[in-house]
Every structure is written in structure tokens, then in C-alpha cells.
Amino acid sequence: MSENNRSFKLLDKFLHEMVEAHQIPGAVYAILDKNGTLVENAVGFSHKNKKIPMTMDTLFDLASLTKVCATLPSIFLLIEKGRIDIDDPIKMFFPESVNGELTLRDLLTHTSGFPPSFPFYQYRWTKEEILNYILSINAEPGKHTVYSDLNFILLGLLVEKLTYQPLDVFTEESVYRPLGMTHTCFNPQTDLQYIAPTEWLPDANKFQWGEVHDENAHYMGGVSGHAGLFSNLHDLKIYVHMLMNEGKTEHGNYFISPATLLASRKNYTKHLEYNRGLGWQLADDRYSPGGYYVSDQGYGHTGFTGTSFWIDPESDLGFILLSNRVHISRQINMNRIRRIVNNLAMSELAKK
């Protein structure tokens, strides 16, 4: 716990209230500036029945943070090597695609026209059959912003095709090892006591624990472009700090070019329903998970299990909140909790 935690007692009080109200079993959070950690803390439990305390080292199923912590940096690296351009048509890489207008930009901004998801796991399809199904969707790109796992499943498969490596191998070698994110991986082999379990599985009479919660990612061997990644607060602070410092790592070298990150944060969908960058969720006027005390330059992402981070370039602040809310229920309004946490933090910081 940081010495500054005493100044954030309202934030801690709110999270404890959420634990007592059975909205979350527990949570860990950190508030960052470009130079380091302003405050961090862990509250509640990772396992509500076994009363395993939530700690700074607890490993979380990141769910859709996989999209921006695994697939997106992989795409950035390929862009910076000149292997791809965001306006490249998908047919350039997958000639069997029926949609000649679909581009990488459409996938990254969730304007492909694809449905939000599809239960591949129920059909027991092979990875090739999953790919062929996605490529057979003849949607109208660029018309609407519809958040879809299929976009990043396809992007993950593209990374694998261009790098000749499985996504988990490429990200370990090209993203996490260079950044020093030693606890971030797909299919963790860590003792379950250090992993936050997710949902209760009635048929198996146990919690999902140590294996990815997302059904499609689980069926695909725990590795997919849309879900499957596990990490902890320590590693996500490294990643968020790199983003806040325009691609520069703690060692002073650039992992990603500032130009790439700046381009990724542009609003490519301002004429549509929701504001999206390349991979990033941007600030919106209503229901924004970043809260309403941060600037309209904010960006970040959320994960279905209860994870999220948000960065506000204007105030040079980063917010990480990790929980396993599906351990309680899928119906918990986690975005409300995210907004209040960030609002309380910003309110306290404004007093300094």
C-alpha cells in the first residue's frame, strides 16, 4: 500500500462497500502518472468462498483486455515493420474472404459489420473452420460501430499468419519479454491460489479457475486474439506506463513509436454511434467506463470479467482496476464501478 493511500480513503471505502454489497468479491487498483504509481491497493477477496485475500500479485483473466494487450501491440509492431497498413483489404491476406471492401481499419475500429460474437465452441469447429466462417460473412463495413469479438479473432489469426508463430508465442517473445512483463501469459501454469477465479460452473460443480472464462477462447485452446490473456497489476502498470510515455519503456528505449500511438488514439468513428480509435475505446458522452472527470482525450479498454484500464493524456494520469465480478454474477454493472472509482480518484487529485 502506498503512503498516499490515506488520501484516497473515499475510493477504498467505496470498493469495500461494493464487496459488502456483493457487487465484486474484491479488486486491486492503481493510479499512475508518467513517473510512477500515485496510489495502489487491494481490497476484498479473490475467492469469495475460500476467503483468499486479493493481493497486488493476484493474476486475473483479462478477458477483452487481451485485444489491446496482446493483439493490438502485435498489430502495431507489424505496422512499424511495414508489413501491414490499416487500409489494407482483408483479401490481401485472406483471398478467400467474400468481402472485398473489408479492411484492417474496419476490424480495429469495430466497424466491420460483424455480429458481436458467435458460439463457435458449440459447433466444435476447427480453427480453420472458424476462420472460414468469419471470412464468409458478407457484412457492410463502415456503416455502424458494433463491438465484435470476431474482429479481433480474425486479427489474431492474421498475426499468426504473418509471423508464422502462435499468438501466445509471438506476444511472449515480442511484447512481454521486451517489456519485462514476466507474469503475463496465456494458459498460466501458476498455483491456483494466486489466480482470481471467475464464474461458477453448475454442470462441473466448481468455479472456472486458472482457465480462460470466455467460451470461444477456452475452446480454441486458451489462446485467441479476443480473449485468453492473464496478467496482474504489476505487469499492467508496466504496459500502461509505456503507453503514457508515448511508447518509451522504463529503460529509456522505445517499444512502440509515439507516432503509432498518437495515430491509434484518433477518433475514426466520430460520425457513427460510438467513438473508437485503433483498438481503443474512446471517451463518450454517456456510459463511458473512464468516468466523466477525465478529459475527452481519454482512451482505454474493458474486460468482461471485470478488468479495465483508462488513460487520460491531458492530465497525464492512468487508472487500472482489476476485479473478477463474474465470480459474483454476469449481471453486475461493472462500468458503474469503474466510473465511480475514476471519478473519486480525479476528485481527490484535483484537491492537491
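The values are calculated or read from the model by the stated rules, or taken from the named source; none is laboratory data. Quantities reported herein were computed from a predicted structural model and do not represent experimental measurements. Note that we place each Cβ from the backbone using ideal geometry, even for glycine, and neighbour counts take in every protein chain shown. Side chains are part of the model used for accessible areas, which takes the heavy atoms of the whole protein and leaves out ligands, DNA and RNA. Shrake-Rupley method; radii C 1.70, N 1.55, O 1.52, S 1.80 Å.
In whole percent, and with a 1.4 Å probe on the protein chains, what portion of the accessible area of the chain is carbon and sulfur?
Working: 7530 of 15270 Å².
Carbon and sulfur together cover 49 percent of it.
Using only Cα atoms, figure out Rg for the range 243-314 and give it as a multiple of 2.2 N^0.38 Å. If you can, show how the numbers build up before the last one.
Numbers: Rg = 12.9 Å, N = 72, 2.2 N^0.38 = 11.2 Å.
Rg over 2.2 N^0.38 Å, computed on Cα atoms: 1.16.
Which sequence of Cys69, Cys185 reflects their accessible areas, 1.4 Å probe, from the largest down?
Details: Cys69 0, Cys185 40 Å².
Listed by decreasing accessible area, they come as Cys185, Cys69.
Would you please give the FRET efficiency between Lys9 and His251, computed as 1/(1 + (r/R0)^6) with r the Cβ-Cβ distance and R0 = 41 Å, to the nearest 0.05?
Numbers: r = 35 Å, r/R0 = 0.85.
FRET efficiency, Lys9 to His251: 0.70.
Return an integer: the convex hull volume of the alpha-carbon atoms of the range 112-225, in Å³ per residue.
Spelled out: Cα convex hull of the range 112-225, divided by residues, is 139 Å³.
At 1.4 Å probe size, put Trp280, Trp200, Trp209 in order of accessible surface, largest to smallest. Display every interim value, and only then the final one.
Details: Trp280 0, Trp200 110, Trp209 50 Å².
Descending accessible area places them as Trp200, Trp209, Trp280.
Can you show me the helix-derived [θ] at 222 nm for the chain, built from DSSP H runs with n ≥ 4 at -39,500 (n - 2.57) apiece and divided by the number of residues, rounded to the nearest 500. Walk me through the numbers on the way to the answer.
Numbers: 11 runs with 100 residues, N = 352.
Value at 222 nm, helices only, nearest 500: -8000 deg cm²/dmol.
Under Stokes-Einstein, with the Kirkwood radius over Cα pairs standing in for Rh, what whole-number D in µm²/s applies to the chain at 20 °C and 1.002 mPa s? Please report the intermediate quantities before stating the final value.
Details: Rh = 20.4 Å.
Estimated via Stokes-Einstein, D reaches 105 µm²/s.
Using the heavy atoms of the protein chains alone and a 1.4 angstrom probe, what is the accessible area of the chain per residue in square angstrom?
On the way: 15270 Å² over 352 residues.
Accessible surface, normalised per residue, equals 43 Å².
How much accessible surface does Ser308 have with a 1.4 Å probe, in Å² rounded to 10?
10 Å²
How many nm separate the modelled label positions at Lys270 and Val98, each set 7 Å beyond the Cα in the direction of the Cβ?
The answer from the label model is 3.6 nm.
In what order, largest first, do Arg336, Arg286 sit by accessible area if the probe radius is 1.4 Å? Display every interim value, and only then the final one.
Numbers: Arg336 110, Arg286 165 Å².
Output order, biggest surface exposure first: Arg286, Arg336.
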